[in-house]
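Quick notes on the structure that follows.
Here, each number is a calculation from the coordinates, and none is a lab measurement. Computed from a prediction, not measured in an experiment: that's the story for all the values here. Heads up, the Cβs are rebuilt from the backbone with ideal geometry, glycines too, and the neighbour counts pull from every protein chain shown.
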Amino acid sequence: MSSRQAEKAAAREARLAAEAQLRAVVSRRRRLRTVAAVSLVAIALVAVAVGVSSRGGVVANAASGARLRGAAYSANLFAGIPQHGITLGRSNAPVRVVEFADLQCPYCDEYAVQTLPTLVRNYVRDGHVQMRFENLSFIGSGSVAAGRVAAGAAKQNRLWNFVDLLYLNQGEENSGYITPGYLRRLLTAVPELNVSSALVASQSSAADDALALANRTANAAGVQGTPTFLIGHAGGPLRQFNPSSLSAAPFERLINQLLKTEG
């Protein structure tokens, strides 16, 4: 087996291991909280806490010293695909997929682990689908901290790399694993990203605005839980899609139907 094949196999095993871990945690429940629970006041408070912690030094935790899983595989998955802010894929793609997610949500993680790579390889890379990621940081302070850094990565058109790496290395929600050190390590593993600039951007008012905008967008679309998906033709109405499972098959069926009726 070539080194490249071995690297892909190792990353694939990491994804499968992450999926198995998610299924084993039976106490986790699908998020059905109202997205309106996120407030600018909460975002501002977390911003202050993260800023103070960053200036005072890296806080150690269980995840900070561990090797990141799937970094090479994730980089390869998105290599060469255009990103612009929170979007992934060509601007002229005929089908749009919008995902509303929280970076601590275990079911968002499940989708990212077992389905997103298939959709990226089979539909986004060839220009048939453009995706948009709406970050709803409502589970806890760690979600807000990670969401702000994701907004910093989006300023350099690397949000999707950062989000994917976070899901591949997601810990137990609200367990304190999301620290400045952990977030910095994720950024460091993102190809062609200036870590210092991303961290500065994460502390800006623009990061607050990005999270607030995602929240307003979710409210307008009637989103009540994560993950939630809107799918449709480009230029047409996007409708909420409730898949029978978070496997790739339901998404592929709908996308194929939309592609057949394109135009």
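Rounded to the nearest Hz, the phi-derived 3J(HN,Hα) couplings of region 107-114 under the Karplus curve 6.51 cos²θ - 1.76 cosθ + 1.60 (θ = phi - 60°) are 7, 5, 4, 4, 4, 5, 6, 9, where x marks glycine and proline. When the Cα convex hull of region 154-246 is projected onto planes of every orientation, the mean area is 7.9 nm². Value of Rg to Rh for region 96-161, rounded to two decimals, is 0.98; Kirkwood radius and Rg both from alpha-carbon coordinates. In sequence order, region 127-138 has phi-based couplings of x, 7, 9, 10, 10, 10, 10, 9, 8, 9, 9, 10 Hz under the Karplus curve 6.51 cos²θ - 1.76 cosθ + 1.60, θ = phi - 60°, and Gly or Pro positions carry x.
Backbone phi angles across region 182-199, fed through the Karplus curve with coefficients 6.51, -1.76 and 1.60 (θ = phi - 60°), yield HN-Hα couplings of 4, 5, 5, 5, 5, 4, 4, 7, 7, x, 6, 10, 8, 4, 4, 5, 5, 5 Hz in residue order; Gly and Pro are listed as x.
Modelled label positions at A206 and T118, each set 7 Å beyond Cα in the direction of Cβ, lie 3.7 nm from each other.
Sorted on the mean count of surrounding Cβ atoms within 10 Å across their residues, most packed first, peptides 156-162, 143-149 read 143-149, 156-162.
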